[in-house]
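Below is one structure; the comments refer to it alone.
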Amino acid sequence: MKKILLSILLIVVSHFSYSQLTTNPSTFKTTEPVTITIDINSNTACNSLNNPSKVYMHSGIGNDSNPWEYSVVGDWGTNNGVGEMTNQGNGIWSITITPKTYYNLTDSQANSATKMGMVFRNASGNQEMKASGCKDFIVNVGYFQVTLGNPTENSTTIISAGGNFTITASNSNGNANYALASHGTTINVKTNATSYSYTHPNITSNQNYTLTVTQGAETIQKSFSVVVNPGTISQTMPSGLENGINYNSGDATKATLVLDAPLKDFVYVAGSFNNWTPTSAYAMKKDPASGKFWLELTGLTAQKIETYQYWVVDETPIANSPVMVKTADPFSTLVLSPFDDPGIPSETYPNLPAYPAGQEREVTVLQTGKSAYNWTVTNFNKPKKEDLIIYEVLIRDFDADRNIQDLIDRMDYFKNLNINAIQLMPIMEYEDNESWGYNTSFHMALDKFYGTEDKVKEFIDVCHQNGIAVILDIALNHAYGRNPMVRMWMNDPDGDGWGEPSTESPYFNTEAKHSYSVGMDFNHQQAKTQYYVERVVNHWINEFKIDGFRWDLTKGFTQQCTATDESCTNGYRSDRVAILKQYADYSWSLDNTHYVIFEHLGTDTEEQQWANYRIGEGKGIMMWGKMTSPYNQLTMGYASNSNIDRMGNKSRGFTGKRLVGYAESHDEERLMYKNLQFGDSNGSYNIKTLSTALKRMEALGAVTLTIPGPKMIWHFGELGMQNSIFTCSNGTINGETCKLDTKPQPQWIAKWVENPDRKSIYDTWARLNDLKINEDVFEGDYSITSGTLTPRIRVWNTSLPTSQLNDVVIISNFDTADKTVNPNFATGGTWYDLMDETGNTSIQATDAITLQPGTFKIYGNQPAKTLSDDQDPFENTFMIFPNPTSHGFKINKTASEVLIYNITGQLVKQFKGNPNKNQEFDILNLPSNIYLVKIISLSGNYQTVKLIKQ
């Protein structure tokens, strides 16, 4: 995965005086114009502006808690004039705005705004200027301001039971009224004053305070809290419990929570079951042996949705670390988010539980007695690794609804393409909804933007019913800032509740130990990290019946390098070889045939360690094999750098066929885009012409999919998708800026499957996939002759007799003119065109073959059995009757099994036990519709016929 950059706006709540920034006037209302001036001459670590031609103000307006709350103006990295400042000379830049108008505020927002946040940048956004400490500039708005003397706003103070707590504050612009409330109940007031002081005595329970200060029509609120040290009880934890939620299988009124929080003093559980105001009864106990915190919840209602957080307290934190963190459970399987949930359509996630009012950040969902998903397929037989045709999908960009139901509805599309595995880009809870998913925050939780847990399980079940394996892309190299294990041990100097790992973290490095870092870098040599990873693996295999994982960015699983040493990162690293073998072993201990795929893209020496690992047991780790550049050279019509030898395992030193070779992936530019932009256009044959470029993609399939070993297709390559990877959501192209943007979806709107040029690619690849999966010759040996525009591939399998298809030759012409190609058949006699479904087209071994530009031929020493299956006893004789029918039907021959699928490919009925021609198959309870009846013969062959249920 390429580096993902997320812009995170820092929330700063105190006002600063800046030598680099001034406002004129110094105090102003939202309805008054103000000139903001900066001096970029300051030479600090927080100012990288270097003689910019333009300076932009990226700013927001809000309240004391969040200066960016109400509105943000600016398009980072875009030179569009929004927020552009005027050059006054000598490094002085200024801009004049009227805040209410500039930020498009409502009257209510304009009246309550108290702070503006600002960051300054150059036009491209690669240089910026911040305040001292590299924080946002914060400017007061309005004449009326309130300053807390004690405590700090949004802070948490720890006291002993029975202790006292003093609150002090002051205000500007004359007298004001003060009202102090705890948990919504007013406990003290003071009127007509410019300062405030009150001591709350004899505190025995946790307090959430709000100090409301009113001056005329303006009101400012300050929030803070007090947590009472409950005195943690040391008690042995019941055996058999794991971190996270432990449901009681025999009693749905109980559940036990376990939290591993070393170096923390005490933990409360706050949730819907205690109205988010935990008493000492909800203080977690501590197991003396493991040091883990635990608490048994009682009095729960079966199947009722409950939510909770941990209040994790360190009374004497290290510098810049918080006293208390409120966080969801690290092992959550479902979380609610105040940031992302409002953007989830009800059609995607019906009856989404409401986020609990008054809380902050993610909360964990707990539900006892939940009904288990009723799996149709309980013993799925995975396709052989050697036969895999993997279809990579980003659910967000697959269809208009951007959810998992879209994939269920298109099951026929996958089936007809003859792929046998679907690989989903990350579906674990990630930050934001518009994402590729690699910014994961909760690895065991499903991201609700794609659908419910049961809907995802239905998709997997339907795939299995149709012989398709499901592989998940999983990002366990790192986690992002919302992750509880980041936040519980974080460096948070500005106190906004977000930060990077501190030196105390038992999970993360403070600095990445590799040069491709994104998010927070896991330390995989830590026992707690290893436990977490294995729990994640266990969850998706056992709970969702996932058939395999594609492990993202495995170069990051080392502790031996630094963030700046790329040669170290790309070299052989013994620690990551060992830990990744350990993780593979654990996966295989749960599922002996589990697919393990690494996106390493590293040296052959290191990758051989995994590809050849336990290969004698039929295992071996599959490696991603990027081959975009040489194949794109071919499709563009250029011979230079077009050697495709490394599409196979032998050139990399892999003992078994464990290379997932691909010409396109989510991380690489579309071949068709470059065909149209840079293809050879000399002469009358112009690759930049759409129909010509599309035709060449058929030949691409022939010289990729046929090479022995697993292969991958990036979604819609089979339809000639030509949208650049850098296409923005509005359809424009803008370099790296738009790489992660949601992509337009012309493939369905424009009905590409009905376009002859695009459908021809789909049909050709479907045929090639059928051959690859069903013909044993493609599990044999191979040779590749490449580096020219007429690459040749030979595939043979000496374990097969010559009476069967055991030798195949693929020839192609990626030139822009006709070429006569010698196929160099291994034997004389007749060779059959395997793309002819009748099996009747053949040539003699001595025949010369002339190929038109952008075409290919694939010949075999025998016809393909998948083309003409003479052994099928149902060939031209199988019938079902009556058809249409309102109640049931019969078949005309005895079979081993009869299966009925709906039009989306979901299995709805199944009849086993060698049903005979006298048996009636009852479908009375099926809705009126069109169904597909699949009959499996006694010899294992099958035929499918449409059935109309009236």
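Counting residues in the stretch 151-166 that are over 30 Å from Thr256 (Cβ atoms) and among the aliphatic types (A, V, I, L, M) gives zero.
Of all residues in the stretch 287-320, those being buried (at least 21 other Cβ atoms within 10 Å of the Cβ) and of a type outside the set (A, V, I, L, M, F, W, C) number 4.
Counting the residues of the stretch 326-343 that are within 15 Å of Gln359 (Cα to Cα) and hydrophobic (A, V, I, L, M, F, W, C) gives 4. Filtered by the rule that a residue be farther than 22 Å from Asn126 by Cβ and not polar (S, T, N, Q), the stretch 716-749 gives Phe716, Gly717, Glu718, Leu719, Gly720, Met721, Gly731, Lys743, Pro744, Pro746, Trp748, Ile749. Among the conditions (1) at pLDDT below 95; (2) surrounded by 19 or more Cβ atoms within 10 Å (Cβ to Cβ), Asp807 misses just one, which is (1). Restricting the stretch 508-535 to residues that are hydroxyl-bearing (Ser, Thr, Tyr) and free of Cβ contacts under 8 Å to residues at least 24 places away in the same chain, which is nearest to Leu580 (Cα to Cα)? Checking each candidate, the answer is Thr529. If you go through the stretch 194-222 and keep only what is in contact with a strand residue (DSSP E or B) (Cβ under 9 Å, 6 or more places away or on another chain), over 14 Å from Ile159 (Cβ atoms) and not in a strand (DSSP E or B), you end up with Thr194, Gly216.
Could you please give the count of residues in the stretch 812-823 that are out of contact with any strand residue (DSSP E or B) (no Cβ under 6 Å at 6 or more places or on another chain) and either at pLDDT 95 or above or aliphatic (A, V, I, L, M) (or both)?
The total comes to 4.
Among residues of the stretch 643-678 being in contact with a Gly (Cβ under 6 Å, 6 or more places away or on another chain) and part of a loop (DSSP other than H, G, I, E, B), the one that is nearest to Trp714 (Cα to Cα) is Glu664. Taken over the stretch 679-712, the residue count meeting the criterion of being within 21 Å of Ser786 (Cα to Cα) and either part of a helix (DSSP H, G or I) or among the aliphatic types (A, V, I, L, M) (or both) is 14. Scanning the stretch 651-678 for residues that are hydrophobic (A, V, I, L, M, F, W, C) and over 16 Å from Glu386 (Cβ atoms), we see that the one that is surrounded by the most Cβ atoms within 10 Å (Cβ to Cβ) is Ala663. Would it be correct to say that Gly437 is assigned by TED's automatic domain parsing to the domain that holds His666 and in contact with an Asp or Glu (Cβ under 9 Å, 6 or more places away or on another chain)? Against the criterion (assigned by TED's automatic domain parsing to the domain that holds His666 and in contact with an Asp or Glu (Cβ under 9 Å, 6 or more places away or on another chain)), Gly437 qualifies.
Among the residues of the stretch 343-374, those that are in contact (Cβ under 8 Å) with a residue 12 or more places away in the chain, over 26 Å from Ala270 (Cβ atoms) and within 25 Å of the chain's Cα centre (by Cα) comprise Pro345, Glu347, Thr348, Pro350, Tyr373. A count restricted to the stretch 491-520 and to residues that are over 23 Å from the mean Cα position of the chain (by Cα) and among the aromatic types (Phe, Trp, Tyr) stands at 0. Under the condition of being touching a residue at least 24 places away in the same chain (Cβ under 8 Å), among the polar types (S, T, N, Q) and either part of a loop (DSSP other than H, G, I, E, B) or more than 25 Å from Tyr430 (Cα to Cα) (or both), the residues counted in the stretch 730-754 number 3. Taken over the stretch 97-141, the residue count meeting the criterion of being among the acidic types (Asp, Glu), touching a residue at least 60 places away in the same chain (Cβ under 8 Å) and closer than 17 Å to Asn63 by Cα is 1.
Please tell me if Ile245 is under 29 Å from the mean Cα position of the chain (by Cα), more than 21 Å from Ile159 (Cα to Cα) and buried (at least 20 other Cβ atoms within 10 Å of the Cβ). Spelling it out, Ile245 is indeed under 29 Å from the mean Cα position of the chain (by Cα), more than 21 Å from Ile159 (Cα to Cα) and buried (at least 20 other Cβ atoms within 10 Å of the Cβ).
Residues that are under 30 Å from the mean Cα position of the chain (by Cα) and on the phi > 0 side of the Ramachandran plot were ranked within the stretch 604-641; the one that is surrounded by the fewest Cβ atoms within 10 Å (Cβ to Cβ) is Gly618. Anything in the stretch 204-237 that is of a type outside the set (Val, Ile, Thr) and under 14 Å from Gly162 (Cβ atoms)? List them, or say none. Hits for the stretch 204-237 are Ser205, Asn206, Gln207, Asn229, Pro230, Gly231. Residues that are out of contact with any strand residue (DSSP E or B) (no Cβ under 6 Å at 6 or more places or on another chain) and either outside the structural domain of Val908 (by TED's automatic domain parsing) or β-branched (Val, Ile, Thr) (or both) number at least 2 in the following helices (runs of 4 or more DSSP H) confined to the stretch 465-581: 527-544, 566-570. Counting only residues that are among the hydroxyl-bearing types (Ser, Thr, Tyr) and outside any helix (DSSP H, G or I), which one in the stretch 755-798 is surrounded by the most Cβ atoms within 10 Å (Cβ to Cβ)? If we take residues in the stretch 755-798 being among the hydroxyl-bearing types (Ser, Thr, Tyr) and outside any helix (DSSP H, G or I), then Tyr782 is surrounded by the most Cβ atoms within 10 Å (Cβ to Cβ).
Restricting attention to the stretch 921-950, the residues that are surrounded by fewer than 11 Cβ atoms within 10 Å (Cβ to Cβ) and aliphatic (A, V, I, L, M) add up to 1. Condition first: farther than 30 Å from Val226 by Cα and in a strand (DSSP E or B). Can you find one or more residues in the stretch 132-152 that meet it? Taking every residue of the stretch 132-152 in turn, none turns out to be farther than 30 Å from Val226 by Cα and in a strand (DSSP E or B).
Taken over the stretch 582-601, the residue count meeting the criterion of being free of Cβ contacts under 8 Å to residues at least 40 places away in the same chain and either among the basic types (Lys, Arg) or in a loop (DSSP other than H, G, I, E, B) (or both) is 1. Criterion first (under 17 Å from Ala319 (Cα atoms), more than 20 Å from the chain's Cα centre (by Cα) and of a type outside the set (Ser, Thr, Tyr)) does Asn523 satisfy it? Answer is no for this residue.
Report yes if Gln582 is over 25 Å from Asp387 (Cα atoms), crowded, with 17+ Cβ neighbours inside 10 Å and not hydroxyl-bearing (Ser, Thr, Tyr), otherwise no. Explain how you work it out, then say what you get.
Details: over 25 Å from Asp387 (Cα atoms): yes; crowded, with 17+ Cβ neighbours inside 10 Å: no; not hydroxyl-bearing (Ser, Thr, Tyr): yes.
No.
Annotation: of all residues in the stretch 160-188 being farther than 22 Å from Gly358 by Cβ and among the β-branched types (Val, Ile, Thr), the one that is surrounded by the fewest Cβ atoms within 10 Å (Cβ to Cβ) is Thr166.
Kindly evaluate Tyr70 against the criterion of being surrounded by 21 or more Cβ atoms within 10 Å (Cβ to Cβ), touching a helix residue (DSSP H, G or I) at 6+ places or on another chain (Cβ under 7 Å) and under 26 Å from Asn154 (Cβ atoms). When the stated conditions are applied, Tyr70 passes them.
If we keep just the residues of the stretch 239-287 that are hydroxyl-bearing (Ser, Thr, Tyr) and without any contact (Cβ under 8 Å) to a residue 40 or more places away in the chain, which is nearest to His183 (Cα to Cα)? Per the stated criteria, the residue is Tyr282.
The values are calculated or read from the model by the stated rules, or taken from the named source; none is laboratory data. Small disclaimer: the values here were computed from a predicted structure and weren't measured. No Cβ is skipped: glycine too gets one built from the backbone with ideal geometry, and neighbour counts run over all protein chains shown.
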